[in-house]
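Data block below; observations after.
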Amino acid sequence: MKEILQRLEGVPGVLGALVMTLDGVVVASVPPGVDHERSAAFLSAVLLSIEKSAEQLGLVPLQRLTLAATRGRLLLVPVGELALVVLADSTSDLGQALNEVAGLTRRLLRQSKIDVSS
Amino acid sequence: MGFLARSRDRLLLPRRLARWRDAPSTATLNDAVQTLLRLGDVERAWTIARQGIAKWKDDDFVREIYRIAGRAHAEHGLAAAQAEIQSRPTAAAFLKIARFSVLLRDVAAAFAALEECLRRFPASAAAHAALAELHEQRWLRDLAAADGRIVLAHLRKAWRLDGAEPTRPLRLAAFLARVGALRAALNVAEEVLHLHESQPDALSLRDSLARMVAAGVEAGSTPAEGEEDVESLLRQIEESGRVVGDPGDAARVARESERLRAFLPALRERTGCEKALVVEPKGHALDERGALGAGPLPALAASLARSAQFTVRRLDLGPLQSVTMVTTGGSLLLQRAQRCVVGVLLDQPEEIERGRTGLEELVAGRLPATPLVAARPAAARGAKDLR
């Protein structure tokens, strides 16, 4: 899974990436030495806070959540029981990263199915 | 404009100015201002537009005339200041560019002009003070500690560079008081009074700060001795997302919310969405007809805005700008606008791009505003704080 994430590291503007469970546990992350646990915990809290109202509005299932701030962006894509999170700077065009994410999502989905069945 | 039309305007101008002078009305005001603008006499048009707004400040038509004349005045002033810089660059010319850029809502150009001014004229106290003002506006919008620090640094520098001008240290004192550093603010006000003994603003600020410090010491919120830790106060404000105890905060939020709600009909038209709303910092959701009350959309928009703001602040990504939530059942887009958040609910994924552009235009004030109709009573404000 780490190898899959490392593909994202070279994409312009991407500062880091992680795969987490939906309740905020980090499964794999790049680059090393960054406090990814914090990001995972906060994003899990975001998902939890919107779960009930989103269901009532029929806004399910979640395909993508993007938080844009002045100094960076967070992109979360649910992949089965997991979520792929990409941390990027605030200026780069994320088109290439989004393409990579789409490919990685499919690979992660296959891998998570293998992990679950094995 | 063609030669004939211009000649006609020149012939009619004295009569139109006389009609405005002898029988002032919105119609004669419009005739005079429009004719002057067509003839390129922007400054005279601006003077008359200001007279008009002074007489009928609540009239939408007059406000539109004033806006048009104001824009022409700012564009004219900006061009003149740019020409001045080409021939003889001075700090004053850069300051003019910054002022006119702000009038034209181009804050980035104002920042760039002032930064260039300080690069060329590092001892310009006025440029430091103007940069402090721009950063203060940004701080009021984002409450980012970094902006607060820059405001303090520029105001202190402006004070050091020009100690004879008391308004800058008084602004420094007022800013310190606003972030909760009352004792530090009082010390600045007293220092100003050492140099300007009878300065009325300094006297009144010193007296009111002294009363607030005494009350704060009694309540235990202000240290009995020594100054407050301003850095820690700025961080607390950034984390909580509000200026505790700022008496003008509620009024500012209400004004901003009202302004944003007036754009919602145009936003719906632009994006094709049915549901659009404004969420205030305390989680209270409204549309152009009033409070929305409890419901899944206001609840979702408020929770998403609150948790997203909290997350980006804690991850040190700076203040939140926007949130995009894409699902199979539709998409919710949120855009930060000063202290409030504007949201649209869209059905189709292909509408997202248009929705985001519409929200950005709304926040920039580029959508037409519709006067608000109070069809629903304003309900009690929500209990939870957004941030």
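The values are calculated or read from the model by the stated rules, or taken from the named source; none is laboratory data. Worth saying up front: this structure is predicted, and the values here are computed from it rather than measured. Please note: Cβ atoms are built from the backbone with ideal geometry, for glycine as well, and neighbour counts cover all protein chains shown. Remember, those area values only see protein heavy atoms, side chains included, never the ligands or the DNA or RNA. Shrake-Rupley method; radii C 1.70, N 1.55, O 1.52, S 1.80 Å.
Tabulated data for the structure shown
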quantity	calculated
Residue that is crowded, with 16+ Cβ neighbours inside 10 Å, free of Cβ contacts under 8 Å to residues at least 60 places away in the same chain and closer than 27 Å to B:ALA126 by Cβ, where the choices are B:ALA45, B:ALA109, B:ALA83, B:ALA79	B:ALA109
Residues satisfying the stated conditions in segment B:112-147, i.e. among the acidic types (Asp, Glu) and open to solvent by less than 60 Å² (accessible area, probe 1.4 Å)	B:GLU116, B:GLU136, B:ASP142, B:ASP147
Output for segment A:37-50, where each listed residue is surrounded by 15 or more Cβ atoms within 10 Å (Cβ to Cβ), under 14 Å from A:PRO78 (Cα atoms) and more than 7 Å from chain B (Cβ to nearest Cβ)	A:ALA40, A:SER44, A:LEU47
Inter-residue pairs, beta-carbon under 6 Å, first more than 16 Å from B:SER240 (Cα to Cα) and in segment B:136-147, second surrounded by fewer than 21 Cβ atoms within 10 Å (Cβ to Cβ), 6+ apart	none
Output for segment A:51-76, where each listed residue is more than 7 Å from every other protein chain (Cβ to nearest Cβ) and open to solvent by 20 Å² or more (accessible area, probe 1.4 Å)	A:GLU51, A:LYS52, A:GLU55, A:ARG73
Qualifying residue in segment B:23-41 (condition: surrounded by fewer than 19 Cβ atoms within 10 Å (Cβ to Cβ), within 23 Å of the chain's Cα centre (by Cα) and closer than 20 Å to B:LEU104 by Cβ)	no
Any hit, segment A:8-21, residues being in contact with a helix residue (DSSP H, G or I) (Cβ under 9 Å, 6 or more places away or on another chain), assigned to a helix (DSSP H, G or I) and either over 23 Å from B:GLN309 (Cβ atoms) or open to solvent by 10 Å² or more (accessible area, probe 1.4 Å) (or both)	yes
Tally of residues being surrounded by fewer than 17 Cβ atoms within 10 Å (Cβ to Cβ) and of a type in the set (Gly, Ala, Ser) across segment B:150-178	3
Identity of the residue in segment B:292-307, more than 7 Å from every other protein chain (Cβ to nearest Cβ) and buried (at least 19 other Cβ atoms within 10 Å of the Cβ), that ends up nearest to B:ALA369 (Cα to Cα)	B:LEU292
Enumeration of residues in segment B:141-170 that are in contact with a Pro (Cβ under 7 Å, 6 or more places away or on another chain) and within 17 Å of B:LEU205 (Cβ to Cβ)	B:TRP159
Unmet criterion (only one of (1) surrounded by fewer than 16 Cβ atoms within 10 Å (Cβ to Cβ); (2) in contact with a helix residue (DSSP H, G or I) (Cβ under 7 Å, 6 or more places away or on another chain); (3) modelled with pLDDT under 90) for B:ASP9	(1)
Tally of residues being over 18 Å from B:LEU286 (Cα atoms), surrounded by fewer than 19 Cβ atoms within 10 Å (Cβ to Cβ) and more than 8 Å from chain A (Cβ to nearest Cβ) across segment B:308-350	4
Some residue of segment B:230-241 being within 14 Å of B:ASN187 (Cβ to Cβ) and open to solvent by less than 40 Å² (accessible area, probe 1.4 Å)	yes
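Residues checked against (1) without any contact (Cβ under 8 Å) to a residue 12 or more places away in the chain; (2) touching an Asp or Glu at 6+ places or on another chain (Cβ under 8 Å); (3) of a type in the set (Lys, Arg); (4) closer than 27 Å to B:ASP142 by Cα:
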residue: B:ALA174; (1), (2), (3), (4): no, no, no, yes
residue: B:ALA184; (1), (2), (3), (4): no, yes, no, yes
residue: B:HIS194; (1), (2), (3), (4): yes, no, no, no
residue: B:PRO200; (1), (2), (3), (4): yes, no, no, no
residue: B:GLU218; (1), (2), (3), (4): yes, no, no, no
residue: B:GLU228; (1), (2), (3), (4): no, no, no, yes
residue: B:ARG259; (1), (2), (3), (4): no, no, yes, yes
